[in-house]
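Trainee: Can you read through this structure? Questions will come right after.
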Amino acid sequence: MQKDIIILGIESSCDDTSAAVICNGVLKSNVIASQKVHEEYGGVVPELASRAHQQNIVPVVDTALKRAGVEKEQLSAIAFTRGPGLLGSLLVGTSFAKGLALSLGIPLVDVNHLQGHVLAHFVEDGEHREHPEFPFLCLLVSGGNSQIVLVKAYNDMQIIGQTIDDAAGEAFDKCAKVMGLPYPGGPWIDRLAKQGNPEAFHFAKPQIPGYNYSFSGLKTSFLYTLRDMLREQGLETVDQLAERVPNLREDLCASVQKTVVEILMKKLRQGT
């Protein structure tokens, strides 16, 4: 009888400590420990993130193995995020993965976590899912990255466009911070946007050659829009402005979300 191939995956590139177990290509467990400590700072603090990873990684891995019904001695290999990401955070996951693999005498597989995002399309979890056929274009949009990737095969990917400054997720977070919304701002903008008018405000759409992106101009446009409104109303804070202008935050969120999506999709359509 052929032995099961069981792989433990460890991800620690930013502020989430994650572990997953895959058996013969099927996802058996996926455990994530998020870090609330960054909320009061309005962004991820690298030193705090790495310390939190040190606290979380053992219980996260242990829980992932237990939920999958797998003993560590049954593992065939360990995969870990090598990068890109925060150096201190990556070091925690890398060191733990190396130590565990060495103690078990099994292979260690380093993974580019952006390629991991792309290949998530092919994860099986026991339910029938449609998978893209090669080659295909992938729009990769995460908190710190915005890319258009030409995927020719599992191990053959070409980045044909990417952000030259901030990513879309960073633009959401920074616009949310200006509005006084909690961190991370993306989920808050998404929630409020559902109640707003996406045509209420119009923000700049940077014109970047080729397939590359830029979101710094959008952030500046957003900031100037609020600054001018405050000046016209003779007010000092966004809270004061929100009391005077009905549905202000909702309309701002809907408008900035629409603008970001239009910027992303325009380049993607160019690529097709």
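The values are calculated or read from the model by the stated rules, or taken from the named source; none is laboratory data. Keep in mind that what you see is a predicted model, and the values were worked out from it rather than measured. A quick note on method: Cβ atoms are made from the backbone with ideal geometry, for glycine too, and the neighbour counts reach across all protein chains shown. Just the protein is used for accessible areas: all its heavy atoms, side chains included, with ligands, DNA and RNA removed. Shrake-Rupley method; radii C 1.70, N 1.55, O 1.52, S 1.80 Å.
Trainee: Would you mention how many residues in region 149-176 are open to solvent by less than 50 Å² (accessible area, probe 1.4 Å), farther than 29 Å from ALA254 by Cα and out of contact with any strand residue (DSSP E or B) (no Cβ under 9 Å at 6 or more places or on another chain)?
Mentor: 1
Trainee: Still on this structure, please answer the following. Could you please find all residues in region 223-236 being touching a residue at least 24 places away in the same chain (Cβ under 8 Å) and either outside any helix (DSSP H, G or I) or loosely packed, with under 15 Cβ neighbours inside 10 Å (or both)?
Mentor: LEU223
Trainee: For region 35-44, state whether one or more residues are at negative phi, surrounded by 21 or more Cβ atoms within 10 Å (Cβ to Cβ) and among the charged types (D, E, K, R).
Mentor: No, that holds for no residue.
Trainee: Okay, moving on. Touching a residue at least 12 places away in the same chain (Cβ under 8 Å), hydroxyl-bearing (Ser, Thr, Tyr), open to solvent by 60 Å² or more (accessible area, probe 1.4 Å) and assigned to a helix (DSSP H, G or I) - does that describe any residue in region 59-72?
Mentor: No: zero hits.
Trainee: Write out, first by first residue and then by second, each pair whose Cβ atoms fall under 6 Å of each other, whose residues are 6+ apart or on separate chains, and whose first residue, in region 183-201, is touching a residue at least 60 places away in the same chain (Cβ under 8 Å) and on the phi < 0 side of the Ramachandran plot while the second is of a type in the set (Gly, Ala, Ser) and assigned to a loop (DSSP other than H, G, I, E, B).
Mentor: Pairs that qualify, where the first residue is touching a residue at least 60 places away in the same chain (Cβ under 8 Å) and on the phi < 0 side of the Ramachandran plot and the partner is of a type in the set (Gly, Ala, Ser) and assigned to a loop (DSSP other than H, G, I, E, B), are TYR183/GLY42.
Trainee: Here is a further query. Report yes if ILE32 is in a strand (DSSP E or B), open to solvent by 60 Å² or more (accessible area, probe 1.4 Å) and touching a strand residue (DSSP E or B) at 6+ places or on another chain (Cβ under 6 Å), otherwise no.
Mentor: yes
Trainee: Could we say that LEU252 is crowded, with 20+ Cβ neighbours inside 10 Å and more than 21 Å from the chain's Cα centre (by Cα) here?
Mentor: yes
Trainee: Output the residue which, of all residues in region 177-200 that are assigned to a loop (DSSP other than H, G, I, E, B) and among the small types (Gly, Ala, Ser), is surrounded by the fewest Cβ atoms within 10 Å (Cβ to Cβ). Can you show your working first?
Mentor: Step one: list which residues in region 177-200 are assigned to a loop (DSSP other than H, G, I, E, B), which gives 179-184, 194-200.
Among the residues that remain, those that are also among the small types (Gly, Ala, Ser) are: 180, 196, 200.
Values: GLY180: 11, GLY196: 22, ALA200: 16.
Result: GLY180.
Trainee: Between a residue in region 1-25 that is at pLDDT 90 or above and any residue that is among the charged types (D, E, K, R), which pairs come within a Cβ distance under 7 Å, given they are 6 or more apart or on different chains?
Mentor: From residues that are at pLDDT 90 or above, the pairs are SER18/GLU11; VAL21/LYS28; ILE22/LYS28; CYS23/ASP4; ASN24/ASP4.
Trainee: Does PHE80 satisfy being open to solvent by 20 Å² or more (accessible area, probe 1.4 Å), more than 30 Å from ALA176 (Cβ to Cβ), at pLDDT 95 or above and of a type in the set (Phe, Trp, Tyr)? Outline the logic, then answer.
Mentor: Details: open to solvent by 20 Å² or more (accessible area, probe 1.4 Å): no; more than 30 Å from ALA176 (Cβ to Cβ): yes; at pLDDT 95 or above: yes; of a type in the set (Phe, Trp, Tyr): yes.
Taking the combined requirement at face value, the residue does not satisfy it.
Trainee: Another question about this same structure. Mind telling me which of the residues LEU87, LEU8 ends up being of a type outside the set (Ser, Thr, Tyr), out of contact with any His (no Cβ under 9 Å at 6 or more places or on another chain) and surrounded by fewer than 21 Cβ atoms within 10 Å (Cβ to Cβ)?
Mentor: LEU87
Trainee: So PRO107 passes all but one of these: (1) open to solvent by 60 Å² or more (accessible area, probe 1.4 Å); (2) farther than 30 Å from PRO59 by Cα. Which condition number does it fail?
Mentor: Of everything listed in (1) open to solvent by 60 Å² or more (accessible area, probe 1.4 Å); (2) farther than 30 Å from PRO59 by Cα, PRO107 misses just condition (2).
Trainee: Okay, next question. Considering only region 164-214, state which residues are of a type in the set (Asp, Glu) and over 21 Å from the mean Cα position of the chain (by Cα).
Mentor: GLU199, the sole residue that qualifies.
Trainee: Then there's this: May I ask you to list the residues in region 224-267 that are among the β-branched types (Val, Ile, Thr) and under 30 Å from TYR213 (Cβ atoms)?
Mentor: THR225, VAL238, VAL256, THR259, VAL260, VAL261, ILE263
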